[in-house]
1. Along the charge dipole of the stretch 130-218, pointing to its positive end and built from +1/-1 on Cβ of Lys, Arg, Asp and Glu, which listed residue (Val182, Ser158, Ile134) has its Cα farthest out?
2. Report the gain in length on full extension from Lys222 to Ile142: 0.36 nm times residue separation, minus Cα-Cα distance, nm rounded to one decimal.
3. Name the lysines eligible as straight-distance cross-link partners of Lys125: C-alpha to C-alpha under 30 Å, and not fewer than 8 places from it in the same chain.
4. Could you tell me what percent of the accessible area of the stretch 105-216 is made up of carbon and sulfur, with a 1.4 Å probe and every protein chain present?
5. In what sequence, largest accessible area first, do Val177, Val133, Val245, Val230 appear using a 1.4 Å probe?
6. Give the ranking of Leu239, Leu151 by solvent-accessible surface, highest area first, calculated with a 1.4 Å probe.
7. Count the net charge of all other residues whose Cβ sits under 12 Å from the Cβ of Phe254, scoring Lys and Arg as +1 and Asp and Glu as -1.
8. Taking only protein heavy atoms and a 1.4 Å probe, what accessible area per residue, in Å², does the stretch 127-234 have with all protein chains in place?
Amino acid sequence: MLRYTISRLLQAVLVTLVMSLLLFVLIGLMPGDPVETMLEGNPSLTPETMAQMRALYGMDQPLFARYGHWLYQALHGDLGYSSVYFKPVLDVLWPAVIQTAKLLVATEIISIPLAMLLGALAARKPGGWTDNVISLIAFASISLPGFWTSLILIIVFSVKLGWLPASGTPLMSDAPVGEQIVHMILPVVVLTFFHVGPLVRYVRASMIETLNSDFVRTARAKGLSETAVVMRHALRNALIPMVTVLALGFGSLFSGALVVETIFGMLGMGKVIYDAISNIDFNLALVGLLLATIVTLFSSLLADLAYAWLDPRITLK
């Protein structure tokens, strides 16, 4: 497993380098000039000053030369400065990473037990009314776009009923814990709804297969109750492959969080990346998108390692 892990880490480094180049080129081809955006509204701005600033930030160099300079600086721990916040990129991203991590952890804590419960209930009597209702909810979760669900919840619970706030607070990390929880309710509900559907379908399919296994028939023959058979024997074995699904689904959950944070105005990774792209903040947008790529790569690696650890029959090569 150690050899496989080292190989996958090297592959992840190579993919990260390739993605950094692609993202740098795509962001560099975006319309607009970050220097003009940064100095916009300055009455004393002259063409000479603009040329000096462009030279200072390397904007007068070819695109690939700028990438080489950025990569050299990044490998030495300097990811550049934000042209909008006038701070190092990491100083801007770190609070956003913490906020997004809170959102994702809360979503996983709710989604995993809920998916286990609904999937097990649906698998007990496939084709029954419980299975049909749960499957309908799961398919709705898979089919409905997250931004549409977010807008509907904002209209109902924030605009019409006035029960919950429609957006995040300006300084989420400095707000009281109770206020943070209140502002996270709607985003967590949307992400949970978005995340739980595929998990329910997978738990249901795995449970149906497990309930038809020989060891389950033996447990029933010993006189165990159906609840004991499902919860103690079938569910435990059916959840081993679910670890892979959870790890692989974390990348899509992270992407969904970026959209949800933007809609709800939460100061997480999604909002920061959106603002960086809107304001032509090249360094901030590049590092933010690259971080999302790295999270997805490591989620895939953790999925493989967890599956091999839980099931000794799996051999990683």
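The values are calculated or read from the model by the stated rules, or taken from the named source; none is laboratory data. Keep in mind the model is a prediction, meaning the values are calculated, not measured. Using ideal geometry, Cβ is built from the backbone for each residue, glycine included, and neighbour counts are taken over all protein chains shown. In case anyone asks, the SASA skips ligands and DNA or RNA and just uses the protein heavy atoms, side chains included. Shrake-Rupley method; radii C 1.70, N 1.55, O 1.52, S 1.80 Å.
1. Sorting the options by dipole projection puts first Ile134.
2. 24.9 nm
3. Output for Lys125: Lys222.
4. Here carbon and sulfur together make up 74 percent of the probe-accessible area.
5. On the way: Val177 105, Val133 75, Val245 40, Val230 5 Å².
Descending accessible area places them as Val177, Val133, Val245, Val230.
6. Order by accessible area, largest first: Leu151, Leu239.
7. -2
8. 56 Å²
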